[in-house]
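Trainee: Take this structure first; my questions come after.
The values are calculated or read from the model by the stated rules, or taken from the named source; none is laboratory data. All values derive from a computational prediction rather than experimental measurement. Ideal geometry is used to build each Cβ from the backbone, glycine not excepted, and the neighbour counts take in all protein chains shown.
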Amino acid sequence: MSEDFTFTRLATDGKARRGEISMPRGNVRTPAFMPVGTAGTVKAMYLDQVRDLGSDIILGNVYHLMLRPGAERVARLGGLHEFARWPHPILTDSGGFQVMSLAALRKLDEKGVTFRSHVDGSEHSLTPERSIEIQGLLDSDIQMQLDECIRLPAERAEIERAMEMSLRWAERCQAAFGDQPGKAMFGIVQGGTETDLRIRSARGLAAMGLKGYAVGGLAVGEPQTVMLSTLEETVPVLPESKPRYLMGVGTPDDILKSVARGIDMFDCVMPTRAGRHGLAYTRFGKVNLKNARHAEDPRPLDETSDCPASRDYSRAYLHHLVRSDEALGGMLLTWNNLAYYQQLMGGIRAAIEAGRFGEFSEETSAGWARGDLPPRV
């Protein structure tokens, strides 16, 4: 652990990077996957379990926490770490994406965005300064700038307008954040899938000398090939000495391919959401436990896994829980999914250190493609 926020590159293999972020509350091994703890909890999981699976850091959401229970209340109760019993690093997003996607009656201008809560219709205002203030009240370790993430496809002029305003908001967030030893504020690259706008955004943020950089506005429905080509153009513009975070990504395959393009940090609701809906991620690929073919399958999801949910429960039992809409089904599959994601990240880190990331990626992808289901009778 460090008294300040630092990022150290420990090994590289092609563009893939093995590194470590050090902060007063702990170290984050990169490449890292951050489970999403939207409202101060990773859905269907105890945070002790999340930690035991190998998670160094989790993510919290400004939009949801500002509405319930309120940032000021969380601060009075000792901050989000104390409130949720997670003494390790926390990254908070800015709330901007959820305002754009969830809130009703939005009104956006240069100052910020005014919106009505999707919970009770109450009116709220979120400016760059207020977003940083809320993240300070939550006492998060990595704080994200407020940006405008627009839906794609969109007209180029609209994408450019949002990108330029996000750059100006980044400057305001940096001023509001000030100098906070041991903590960091990350900027967010925007620009849709327009290469020149992405490069302009990345250069503008890099000139600010921030402690880390995120790529936002991807994984919003565009093909994977488009996301990857956007990364290939954007990532080289970002400082090599700073961590790079791809927001909202993604599938295990997305992660493998993005690490190969120089990304260090990921977050996504996919493993927890999929688990609650009967879908398991494994080294054999995806397993849909709703499928009747599992009804009499005595095998576990992965007998070699260290995770009890993956190793100790039969597919037949998991199928029964899912089809019966039992809460335990979602809990066990979420546990399995987060375990697999962290096992994948551990494998990625070890492969980069050993200089065999390419081989690891090929082997992992082949395992997904091969699967392990018995043939249909």
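Trainee: Among the listed residues Arg349, Arg293, which satisfies the condition of being assigned to a helix (DSSP H, G or I), more than 30 Å from Gly19 (Cβ to Cβ) and either basic (Lys, Arg) or more than 25 Å from the chain's Cα centre (by Cα) (or both)?
Mentor: Details: Arg349 fails: more than 30 Å from Gly19 (Cβ to Cβ).
Sole residue among the options that is assigned to a helix (DSSP H, G or I), more than 30 Å from Gly19 (Cβ to Cβ) and either basic (Lys, Arg) or more than 25 Å from the chain's Cα centre (by Cα) (or both): Arg293.
Trainee: Oh, and also: Out of all the residues in segment 163-178, which are over 10 Å from Ser201 (Cβ atoms) and out of contact with any strand residue (DSSP E or B) (no Cβ under 8 Å at 6 or more places or on another chain)? Quick ask: steps written out before the conclusion?
Mentor: Of all residues in segment 163-178, those over 10 Å from Ser201 (Cβ atoms) come to 165, 168-169, 171-178.
Met165, Arg168, Trp169, Glu171, Arg172, Ala175, Ala176, Gly178, listed by residue number.
Trainee: Any residue at all in segment 35-48 that's within 17 Å of the chain's Cα centre (by Cα), within 14 Å of Arg244 (Cβ to Cβ) and among the aliphatic types (A, V, I, L, M)?
Mentor: no
Trainee: If you take the residues in segment 105-127 that are over 23 Å from Gly40 (Cβ atoms) and touching a Phe, Trp or Tyr at 6+ places or on another chain (Cβ under 7 Å), which one is surrounded by the most Cβ atoms within 10 Å (Cβ to Cβ)?
Mentor: Arg106
Trainee: Anything in segment 297-326 that is surrounded by fewer than 15 Cβ atoms within 10 Å (Cβ to Cβ) and assigned to a loop (DSSP other than H, G, I, E, B)? List them, or say none.
Mentor: Answer for segment 297-326, where residues must be surrounded by fewer than 15 Cβ atoms within 10 Å (Cβ to Cβ) and assigned to a loop (DSSP other than H, G, I, E, B): Pro298, Arg299, Glu303, Thr304, Asp306, Asp312, Ser324, Asp325, Glu326.
Trainee: Across segment 88-104, which residue is surrounded by the most Cβ atoms within 10 Å (Cβ to Cβ) among those that are of a type outside the set (Val, Ile, Thr) and modelled with pLDDT of 90 or more? Quick ask: steps written out before the conclusion?
Mentor: Within segment 88-104, the subset of a type outside the set (Val, Ile, Thr) is 88-89, 91, 93-98, 100-104.
The next check asks that each one be modelled with pLDDT of 90 or more; those that pass are 88-89, 91, 93-94.
Working: His88: 18, Pro89: 26, Leu91: 26, Asp93: 31, Ser94: 29.
Ranking the qualifying residues of segment 88-104, first place goes to Asp93.
Trainee: Return the residues of segment 122-154 that are touching a residue at least 60 places away in the same chain (Cβ under 8 Å), outside any helix (DSSP H, G or I) and small (Gly, Ala, Ser); say none if nothing qualifies.
Mentor: Of everything in segment 122-154, just one residue is touching a residue at least 60 places away in the same chain (Cβ under 8 Å), outside any helix (DSSP H, G or I) and small (Gly, Ala, Ser), namely Ser140.
Trainee: Given Ala170, Ala157, which one is free of Cβ contacts under 8 Å to residues at least 60 places away in the same chain, crowded, with 20+ Cβ neighbours inside 10 Å and farther than 17 Å from Gln98 by Cβ? It would help to see each step written out before you state the result.
Mentor: On the way: Ala157 fails: crowded, with 20+ Cβ neighbours inside 10 Å.
Among Ala170, Ala157, only Ala170 is free of Cβ contacts under 8 Å to residues at least 60 places away in the same chain, crowded, with 20+ Cβ neighbours inside 10 Å and farther than 17 Å from Gln98 by Cβ.
Trainee: Could I ask something else about it? Could you run through segment 173-209 and say how many residues are closer than 13 Å to Gln145 by Cα and crowded, with 21+ Cβ neighbours inside 10 Å?
Mentor: Going through segment 173-209, the residues closer than 13 Å to Gln145 by Cα turn out to be 173-178, 184-190, 205, 208.
Then keep just the ones that are crowded, with 21+ Cβ neighbours inside 10 Å; that gives 173, 177, 184-190, 205.
Looking only at that region, the number is 10.
Trainee: Considering only segment 161-175, I want to know if a residue exists there that is within 22 Å of the chain's Cα centre (by Cα) and acidic (Asp, Glu).
Mentor: no
Trainee: Okay, moving on. Does Val215 satisfy the criteria of being within 21 Å of Asn61 (Cβ to Cβ), at pLDDT 95 or above and β-branched (Val, Ile, Thr)? Quick ask: steps written out before the conclusion?
Mentor: Details: within 21 Å of Asn61 (Cβ to Cβ): yes; at pLDDT 95 or above: yes; β-branched (Val, Ile, Thr): yes.
For Val215, the condition - within 21 Å of Asn61 (Cβ to Cβ), at pLDDT 95 or above and β-branched (Val, Ile, Thr) - is met.
Trainee: Which of the helices (runs of 4 or more DSSP H) found entirely inside segment 161-266 contain at least 2 residues meeting this: in contact with a helix residue (DSSP H, G or I) (Cβ under 7 Å, 6 or more places away or on another chain) and among the small types (Gly, Ala, Ser)?
Mentor: On the way: elements: 195-206, 224-234, 252-259.
Answer list for segment 161-266: 195-206.
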